[in-house]
Every structure is written in structure tokens, then in C-alpha cells.
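The values are calculated or read from the model by the stated rules, or taken from the named source; none is laboratory data. Since the structure is predicted, the reported quantities are computational estimates derived from the model, not experimental observations. A quick note on method: Cβ atoms are made from the backbone with ideal geometry, for glycine too, and the neighbour counts reach across all protein chains shown.
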Amino acid sequence: MDVFKPLDLSNDSQQTEGTVTEKVKCLIVGSGPAGYTAAIYAARANLSPVIYTGLQMGGQLTTTTEVDNYPGFPDGVTGPELMEHFKKQAERFGTDIRFGIAVKADFSGKIHRVTFDDGKVVEADTVIIATGATAKYLGLEAETRYAGMGVSACATCDGFFYKGKDVAVVGGGDTAAEEATYLAGLCNKVYLIVRRNVLRASKAMQERVLKTPNIEILWEHQAIDLYGENGVEGVVLVKKKGTPDEQKIRVKIDGFFLAIGHTPNSDVFRDFVETNENGYIRTIPGTSKTKVPGVFAAGDIQDPVYRQAITAAGSGCMAAIDAERYLIEQQ
């Protein structure tokens with residue numbers, strides 16, 4: 001039987017220059033699978049974690065309808081329901097969950113400071129950044145209209161629901177090529193919608209796409225709309241847009257996948273932590289540690305490869321354990 005010590009909730013607050021400054025042991029910024037898992041582990045370790053949820057409480061998963069690949073749910077679970085489970089479990093162990101968006105960070109000293117959109121400054125011994133990454137969309141009104149009804153930014157997450165059906169993937173890079181080939185193993189037909197007349201994907205990925213018989217590349221096509229009554233039933237495309245040969249066509253599909261990249265939500269922290277060329281926070285391999293002692297990163301903010309709920313949760317666990325060990329070493 002686990003025996004838990006009473007939680008130390010002695011986070012201090014003080015008034016400084018018109019802003020409320022609060023001191024905490026462990027501050028977690030972001031509330032997706034990584035943030036909530038970090039909170040569960042940190043709370044059980046008596047770190048009295050404080051989470052600021054960000055604009056989208058629960059992260060990207062709250063925009064997903066059915067989640068069939070998260071362990072422990074043999075009949076599947078909706079994204080919002082899964083994240084509510086995460087949240088309740090974090091609260092059960094005493095996590096202080098607050099709505100707020102980080103707008104400024106200062107990691108120049110041993111005590112780390114993060115300012116939130118309500119003007120409050122939180123000083124923390126440890127910070128776990130779990131702000132995730134936002135999928136890029138084309139900006140079509142239809143993408144919002146059909147969210148969860150045929151529009152997806154994750155083939156690995158949602159491809160199973162289109163087994164034996166026709167789908168389209170937008171993009172010309174490695175991600176698009178990889179998602180198209182993955183979907184080709186599940187779907188009847190995959191249309192790869194490419195804006196240019198060449199693929200930006202690596203040579204190996206291009207060859208894989210070209211050798212897959214049920215992938216059809218639609219060169220020099222741009223999606224301008226989607227249609228369907230109770231979900232996506234087709235996509236409206238323009239071929240050779242802006243040229244004398246411009247042509248508008250409709251293609252019947254059941255699913256529309258965006259594979260044009262993600263934007264890591266790291267802007268607030270970039271002056272202090274190291275990022276790669278795309279803005280993903282770099283961590284020391286095998287850990288959640290950033291180059292700043294006491295600052296850790298977990299989930300999609302540091303993972304441009306897998307971007308799954310289960311891998312995010314795992315890295316959240318790592319971050320909390322790393323934070324606990326860091327604090328022990330400082331004693």
C-alpha cells in the first residue's frame with residue numbers, strides 16, 4: 001500500500017511593484033497529457049505543483065473525437081473525456097490548476113519567473129514547459145466547420161476511422177509523405193494534394209510514395225473548400241491556380257488530413273532555452289532537461305517526431321521525476 005505524506009501547500013505570495021508574486025516549488029505551463037502527467041507525479045512527490053492551463057485546457061486532444069489508441073480504454077474514449085480523467089487525477093493529489101497564459105519568462109537566475117496574462121508573476125524553483133505544438137491549417141472556414149467530422153491533423157491518431165475509405169492528405173514534405181504512406185496501408189485511396197509540381201520530401205520518402213499504388217499525387221492543386229452534409233464528403237480543388245490553365249475540380253473523399261507542419265508554442269521561452277530551427281525546445285537526450293538548470297520540457301513542445309498522447313504523457317512523467325531529483329540535489 002502506498003503511503004503519502006501530507007502535501008506541503010506552503011506556496012508563498014507577496015505584492016511586488018503592483019503585481020502579485022507567488023513562490024512555488026514546481027510550476028507547470030500547459031495542460032495536455034504531458035502537463036497533467038507531470039502534475040500527477042509532482043504532486044505525489046510532494047512538490048505542490050501549480051499548473052497554468054494555457055488557452056486550450058487539455059491541449060490538442062480536446063479537439064479529437066474518438067481516441068482508440070490510448071492504453072487502458074479498450075472501447076475507446078473521446079479526447080475531451082480522456083483529458084478530463086487526466087485533470088481529475090491531477091486534482092486528486094492536490095495539483096493547483098489555474099486558467100492562464102504565459103506571456104513572459106525570465107530564467108536568468110536560480111529562481112525562475114513566469115508572468116501570466118493576468119499580470120501575476122510566479123517564481124518557481126522548477127518549471128516544466130508543456131505548452132505543446134499547434135498544427136498548421138490552411139485557414140479555410142470549412143476546416144473549422146468539419147473539425148472532428150472528417151478533418152484531422154494526425155493520421156496516426158485518426159487514420160483507423162477511415163479504413164477502406166478514400167482520403168486526401170495536404171502537403172509535400174516528409175510529414176505529408178509519411179502520413180500518406182501510413183494511410184495507404186489502411187485506406188482504399190489516398191490523394192496527396194501538392195501545391196507545387198515537385199515534392200519537398202526526402203528522396204527516400206518520395207520513392208516510397210511513388211511506389212505505393214493507391215496513392216495518387218495531385219500536382220499543382222490547392223484545396224479551397226470542403227463539402228458534405230454530416231461530415232466531409234469531398235474537397236474542392238483548384239489546379240494551376242492563377243494561370244490560364246486554372247481549373248476547379250471536386251474530389252470525393254471521406255477524410256481530409258493536414259500535413260503542413262506544426263508550430264511549437266515556445267516563443268515565450270526562446271530567449272532562455274535552446275530550440276531547434278523549427279522552434280522545438282532541445283532537451284538533453286534521454287531526459288527532459290533543458291540547458292537551464294531547473295527548467296524542463298515535456299510533450300510536443302520538445303517532440304517533433306512522435307506527437308502522440310502516450311509519448312507526451314511519458315515525457316511528462318520524466319519531467320516530474322527530473323524536477324524532483326533536481327530539487328533534492330539543491331538541498
**OP:** Just need a number here: residues in region 116-131 that are among the small types (G, A, S), out of contact with any His (no Cβ under 9 Å at 6 or more places or on another chain) and closer than 24 Å to T290 by Cβ.
**Re:** 1
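Would you please name the residue that is surrounded by the fewest Cβ atoms within 10 Å (Cβ to Cβ), looking only at residues in region 283-327 that are polar (S, T, N, Q) and at pLDDT 95 or above?
Going through region 283-327, the residues polar (S, T, N, Q) turn out to be 283, 287-288, 290, 302, 308, 311, 315.
Cutting the leftovers down to at pLDDT 95 or above gives us 283, 287-288, 290, 302, 311, 315.
Values: T283: 25, T287: 15, S288: 27, T290: 23, Q302: 27, T311: 17, S315: 28.
Step by step, filter region 283-327, then rank; the result is T287.
Please tell me if A168 is in contact with a helix residue (DSSP H, G or I) (Cβ under 7 Å, 6 or more places away or on another chain) and either β-branched (V, I, T) or buried (at least 24 other Cβ atoms within 10 Å of the Cβ) (or both).
On the way: in contact with a helix residue (DSSP H, G or I) (Cβ under 7 Å, 6 or more places away or on another chain): no; either β-branched (V, I, T) or buried (at least 24 other Cβ atoms within 10 Å of the Cβ) (or both): yes.
Here the answer is no, as A168 does not meet what is asked.
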Original post:
Taking the stated definitions as given, is D245 touching a helix residue (DSSP H, G or I) at 6+ places or on another chain (Cβ under 7 Å) and outside the structural domain of A298 (by TED's automatic domain parsing)?
Top reply: no
Original post:
Between residues in region 88-104 that are in contact (Cβ under 8 Å) with a residue 60 or more places away in the chain and residues that are among the polar types (S, T, N, Q), which pairs lie under 7 Å by C-beta distance while being six or more apart or on different chains?
Top reply: G94/S48; I97/T53; V103/T115; K104/T115
Original post:
Of all residues in region 239-281, which are among the small types (G, A, S) and closer than 19 Å to Y137 by Cα?
Top reply: G255, A259, G261, S266, G279
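Based on this model, can you work out whether R200 counts as closer than 30 Å to G59 by Cβ and in contact with a strand residue (DSSP E or B) (Cβ under 9 Å, 6 or more places away or on another chain)? Write out each step before concluding.
Working: closer than 30 Å to G59 by Cβ: yes; in contact with a strand residue (DSSP E or B) (Cβ under 9 Å, 6 or more places away or on another chain): no.
No.
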Subject >> Residue within region 310-331 that is touching an Asp or Glu at 6+ places or on another chain (Cβ under 8 Å), part of a loop (DSSP other than H, G, I, E, B), within 28 Å of E178 (Cα to Cα) and touching a residue at least 24 places away in the same chain (Cβ under 8 Å) present >> reply: no
Original post:
Could you list, in sequence order, the residues of region 23-43 that are under 13 Å from V127 (Cβ atoms) and either more than 20 Å from the chain's Cα centre (by Cα) or not assigned by TED's automatic domain parsing to the domain that holds G314 (or both)?
Top reply: K23, V24, K25, C26, A42
Subject >> Selection count, region 51-69, where residues are touching a helix residue (DSSP H, G or I) at 6+ places or on another chain (Cβ under 6 Å) and either hydrophobic (A, V, I, L, M, F, W, C) or crowded, with 18+ Cβ neighbours inside 10 Å (or both) >> reply: 5
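From the list E233, E229, E220, E324, pick out the single residue that is within 19 Å of A168 (Cα to Cα), out of contact with any Lys or Arg (no Cβ under 8 Å at 6 or more places or on another chain) and among the acidic types (D, E).
Numbers: E233 fails: out of contact with any Lys or Arg (no Cβ under 8 Å at 6 or more places or on another chain); E220 fails: out of contact with any Lys or Arg (no Cβ under 8 Å at 6 or more places or on another chain); E324 fails: within 19 Å of A168 (Cα to Cα).
Result of the check over E233, E229, E220, E324: E229.
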Original post:
Which residue, of G234, G286, G279, is free of Cβ contacts under 8 Å to residues at least 60 places away in the same chain and touching a Ser or Thr at 6+ places or on another chain (Cβ under 7 Å)?
Top reply: G279
Original post:
Which residues, counting only those in region 133-159, are surrounded by 15 or more Cβ atoms within 10 Å (Cβ to Cβ) and of a type in the set (F, W, Y)?
Top reply: Y146
